[in-house]
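Reviewing the structure listed below.
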Amino acid sequence: MFNFDMFSDLSHGWSRFLVIIAFIIPLLFALSQSKKYIYQGAADMKPWRNLKLWVFVIVFIQVLIYIYF
Amino acid sequence: MTLTGIDTFLLLLYLGGIVLVGVYFKKYVHSTQDYFLAGKMLPFWAIGMSIVVSDIGALDFVGLTGQAYRYGVVVGNFDWIGSVPAMILAALVFIPYYWRAGVYTIPEYLGRRYNLAVRTLHAAVWLIFITFNLGIMLWATGVMLSELMGWPIMLAVIVTAVIVGLYTITGGLSAVVMVDVVQLIIMFVGGLAILILGLWELGGWGAMVERIESMGPQYAHHFDLILSPQANTPYPWTGILFGLALVLAPAYFIANQTIVQRSLGACDEWNAKASVLWGAFLKMFIPLFFVFPGLIALGLFPGIEDGDRAFPVLIKQLLPPGLTGLVFAAFFAALMSSVDSALNSAATIWTKDIYERFINPRGDDRHMLVVGRLFTGLLLVFAVITAPISSLFPGIYVYIQTLLSFFQGPTLAILLLGMFWRRTTQWGGLVGLLGGILLSALLYLLKGRLFTIDDPFLYISWWSFLGSILLAVLSSLLTPREPLEKLRGLVYHMVLRDRELQDVMRRNIEEETP
């Protein structure tokens, strides 16, 4: 149990999938936030201040990295 | 290793520039809020850069490259899955929560949510760790500088302490953050120089991969981020996902005073959130400059017995005069950014959670500012005096880091329960924290019997986190509920969705702060 034996037979592909899920969950959480919350305190509503876009770019790059390696 | 004239000139120019930039910010410090939270004036880009550079120490500069030399690209997990998801959640959930609650320190929050014992225990453990770690960091840096530049160790320790002390004591958090911005740029330029020159020497990325993979079966997984639990590695994917991504990374980015304090100095809530996301973006590049050089060293100089020698060998053999000075400046940047951040955070906790709480609660703001600066100076002197003790205990750095990992899972557990479960009581918090720490220690003592990998700190973090949650939940259910008035503003939805309450809290904090 302490060594996560239940995952010992999991294929490399499924392990990679589970790891990528760890990035997708925060992305979905970010996308689900209201516009008001995302821009709260911002000086203006310019598109570059949309933090959902920031999260999307970061997660996109990370997923590419985990697919490549 | 000797530096040429141009290298020495660049290094001295850098060190002088750092001191000038840092001391410049003294003129903005008039109150404790200016000193500890940079007057809540910091922009997101500066905070994000500071978060990233504070996370990279001089030991990492050498250690990460050495680990990559031994284990391969899997070490990059610490900056990718071991940082990015936790930073996104920190940015969108926890930082705005702390920011709106108006707290200075994590122990302060724990004290309000639970009780004085939890606050004091957390503050004390954190302070002991940072205080002793400062001495260890300074000594390790002195040893490295002595090896690389031929300086006497204590001279290197004192020079480092004086430079860091000058800008940290005078300019507080704003000086620390702005100096960190310069440090990160230097580190990135230095790291990029090694990356480009190394890949050029090897004939490109493809040639490097081919060369390393042809070295034998033990290098077959050097370019795999996801390693099987059966592989001979301290970093199997199960440990990376459960121990690192789900416990240690959130504990670091959500419950670490050094990190959180920077975001609390943001000029507004949007900047506070954006700072951590910008930090996450920059963090993705760290493996390029610290992990990939380890692979480059392996491709160029296979057979180095001690992986930690890979970085010095790379500098010596690869870099031309001028660039060597730049990389040395980056090395200094790495060590100073960690020391200044630890110093500033420790001084904040000493002043707010110990001195103001127990010794002189009625001191005015001017007095607390003097005390904050005094503590910063005293901590630095203490670190210099205790630095040589490290030489008496080989491996003490690793030992201290292991002790800290005992503390990370339980802290995260009671923070999450306190924020998201109204039913958690003060006794639940105390039992969860204490019991979790003891469980970590027990798992560590029994590691030979319980775990199949050599250094199971990732697994210990996960199980102590779960154990801590279980203990806190059981103890909470067995003890009376906390009165609703006590919980107002301390449980997540109350802070984020109750504007009226936030105004009350802000007024309370202003009244509490003399």
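Each value in this text was obtained by applying a stated rule to the coordinates, not by laboratory testing. This is a predicted model, so every value here is computed, not measured. In this analysis, Cβ positions are derived from the backbone assuming ideal geometry, glycine residues included, and neighbour counts consider all displayed protein chains.
Once the chain from residue B:207 to residue B:146 is taken as fully extended at 0.36 nm per residue, the excess over their C-alpha distance is 18.5 nm.
Would you mind calculating the relative contact order of chain B from Cα pairs under 8 angstrom and at least 6 residues apart, reporting the percent as a whole number?
Details: 852 pairs, mean separation 152.8, N = 514.
Here the relative contact order equals 30 percent.
Sum -39500 (n - 2.57) across every DSSP H segment of at least 4 residues in chain B, then divide by the residue count to get the 222 nm mean residue ellipticity, nearest 500. Taken over chain B, the calculation gives -23000 deg cm²/dmol. Given R0 = 22 Å, the distance between the Cβ atoms of residue B:8 and residue B:192 translates into a calculated FRET efficiency of 0.50.
Each label was represented as a point 7 Å from its Cα along the Cα-to-Cβ direction; for residue B:162 and residue A:43 these points are 4.0 nm apart. For chain B, the alpha carbon positions stretch 66, 54, 43 Å along the principal axes, listed from largest to smallest. Seen from residue A:30, the other residues with C-beta closer than 11 Å to its C-beta sum to a net charge of +2, counting Lys and Arg as +1 and Asp and Glu as -1. Listed peptides B:204-214, B:8-18, B:272-282 appear in the order B:272-282, B:8-18, B:204-214 once ranked by packing, highest mean of other Cβ atoms within 10 Å at the front. Per residue of B:284-291, other chain Cβ atoms within 10 Å of the residue Cβ number 1 on average. Partners of residue A:36 within straight-line reach, counting lysines whose Cα lies under 23 Å from its Cα and excluding those fewer than 8 residues away in the same chain: A:46, A:52, B:40, B:273. Rg and Dmax, both from the Cα atoms of the stretch A:11-68 and both in Å, are 14.1, 48. Per residue of B:85-92, other chain Cβ atoms within 10 Å of the residue Cβ number 6 on average.
Residue by residue along A:16-23, Cβ atoms of other protein chains within 10 Å of the local Cβ number 5 on average.
Relative to the present Cα-Cα distance, how much length would full extension add between residue B:488 and residue B:200 at 0.36 nm per residue of separation?
Working: separation 288, 0.36 × 288 = 103.68 nm, distance 5.97 nm.
Result for the pair: 97.7 nm of gain on full extension.
Normalised Debye scattering of the stretch B:1-141 at q = 0.19, 0.20 Å⁻¹ gives log10 I(q)/I(0) of -1.52, -1.50, counting only Cα atoms as equal scatterers and leaving out solvent. Rounded to whole Å, the principal axis extents of the Cα atoms in the stretch B:23-65 read 41, 20, 17, largest first. Going 7 Å from the Cα of residue A:14 toward and past its Cβ, which residues in the stretch B:239-257 have a backbone nitrogen under 18 Å from where you end up? It comes to B:239-242, nothing else.
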